[in-house]
Amino acid sequence: MIQSKGYAAQSAETDLAPWNFERREVGPHDIEIEILYCGVCHTDLHAIKNDWFPGIFPLVPGHEIVGKVASIGAHVTKFKIGDLAGVGVMVDSCRNCEDCNNGQEQFCQVSAVQTYNNLGKDGKPVYGGYSNNNVVNEDFAHHISEKLDLAAVAPLLCAGITTYSPLRKWKVGKGHKLGVVGLGGLGHMGVKFGIAFGAEVTVLSTSESKREDAKLLGAHHFVVTKKPDEVAAVTGKFDFILDTVAADHDVNLYLPLLRTNGTFITVGMPVEPFHVPSFSLASGNKTVTGSGAGGLPETQEMLDFCAEHNIVSDIELIDIKDIHASFDRMLKGDVRYRFVIDMKTLNS
Ligand code: NAP
Ligand code: ZN
């Protein structure tokens, strides 16, 4: 077995703390990654707090993983030792069902394995990226360009693909007005991709303090959703709204901001279900839809697009010991715009 050390929650009631554990041996099609950086996704916090469902504890979160290939199995062809590699929200699937064949392995109906809080095909729990290494099948690791700042690439593996995928699916681009709700980890990537695809982007935020940052990110407009006059001024304006909010909130504030035939895409995953009166959808032929991460081919496409267009996440690099202070700030919407753990700090 491979020896690993990381930070784990032993239960939903305890904080993350150092934990030594084992991962499987490197199989013929596996690579071992020495993890250098791991992004802190709001999903990590939902998971260790059992927000959605009871977790598998001890739980090592982290699904925005980048690092260097430290060893490879005998049949690995995609990577060599020393290559950069990234792992996102999943580490295995059946590769044979309709979803896998469509490049949407994240929805594999047979044996999808999430990066953490899940059981691997061997029936044992898998552990995420708040740790010094990981062992994954080579198909589920992605090539990372040497051109970009590696720490700032880490969030692309979840926040990046989760916003890239729906904007591509709905062909958001030139001539479209896009509203992005919530300027956090996912939201700021939604803004960057919206701009890169040619849309006119408005940030819809609860935080007046993010107005200047939104401009620096390239957003064309900024609306504070706590100010009724600012909200009223954008009624009927948007072709698309991308909702990235992690906390429970009333989406009926945003639906009137769509134009006729407009589309509301939720990628945020609050605990409580949305309540949407059918009248607000029927009136204006509005669509409410969702999107979950992205498949393997599209994740590599997104990483290549980012390398070509010099897109990375705006990050605050943190010491792993400060993870709970970072979670507290994340809960207050005070993250500019993704915390990334410097894995060197595991040893200090
Ligand atoms: P985050 O960094 O905490 O960002 C969420 C943002 O939402 C905050 O920065 C804040 O922005 C806004 N917000 C917070 N509380 C709010 C409230 N009560 N009402 C309105 N806005 C509020 O979180 P994240 O990592 O981007 O993740 C966002 C959500 O996406 C989480 O639920 C996560 O689990 C989910 N997620 C889904 C997928 C998927 O596959 N669909 C993948 C990854 C994550 P402002 O200050 O600008 O208002
Ligand atoms: Zn995530």
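Residues in the range 1-53 that are more than 21 Å from V340 (Cα to Cα), β-branched (V, I, T) and open to solvent by 30 Å² or more (accessible area, probe 1.4 Å): how many?
Looking only at that region, the number is 2.
Give the range 290-311 a look and list any residue that's more than 15 Å from ligand 2 (Cβ to nearest atom), among the aliphatic types (A, V, I, L, M) and under 27 Å from D92 (Cβ atoms), or say none.
Correct list: L296, L303, A307.
Can you report the number of residues in the range 77-98 which are within 16 Å of ligand 1 (Cβ to nearest atom), hydrophobic (A, V, I, L, M, F, W, C) and either in a loop (DSSP other than H, G, I, E, B) or open to solvent by 30 Å² or more (accessible area, probe 1.4 Å) (or both)?
1
Yes/no per residue for (1) more than 9 Å from ligand 1 (Cβ to nearest atom); (2) on the phi < 0 side of the Ramachandran plot:
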position: V245; (1), (2): no, yes
position: F279; (1), (2): yes, yes
position: E308; (1), (2): yes, yes
position: I318; (1), (2): yes, yes
position: K321; (1), (2): yes, yes
position: D328; (1), (2): yes, yes
position: G333; (1), (2): no, no
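Is the range 319-327 home to any residue that is within 16 Å of ligand 2 (Cβ to nearest atom), touching a Phe, Trp or Tyr at 6+ places or on another chain (Cβ under 8 Å) and part of a loop (DSSP other than H, G, I, E, B)?
No, the range 319-327 contains no residue that is within 16 Å of ligand 2 (Cβ to nearest atom), touching a Phe, Trp or Tyr at 6+ places or on another chain (Cβ under 8 Å) and part of a loop (DSSP other than H, G, I, E, B).
Since I195 meets every condition but one in (1) open to solvent by 10 Å² or more (accessible area, probe 1.4 Å); (2) near ligand 1 (Cβ under 9 Å from one of its atoms), which condition does it not meet?
The failed condition is (2).
Please determine, by comparing only the residues of the range 17-54 that are more than 16 Å from ligand 2 (Cβ to nearest atom) and among the aliphatic types (A, V, I, L, M), which one is farthest from V136 (Cα to Cα).
A17
Look through A232, A196 and report the one residue that is hydrophobic (A, V, I, L, M, F, W, C) and farther than 19 Å from V251 by Cα.
So the residue among A232, A196 that is hydrophobic (A, V, I, L, M, F, W, C) and farther than 19 Å from V251 by Cα is A196.
The values are calculated or read from the model by the stated rules, or taken from the named source; none is laboratory data. All values reported here derive from a predicted model rather than from experimental measurement. Positions of Cβ are backbone-derived with ideal geometry, glycine not excepted, and every protein chain shown enters the neighbour counts. To get the accessible areas, we keep the full protein, side chains included, count just its heavy atoms, and leave off ligands, DNA and RNA. Shrake-Rupley method; radii C 1.70, N 1.55, O 1.52, S 1.80 Å.
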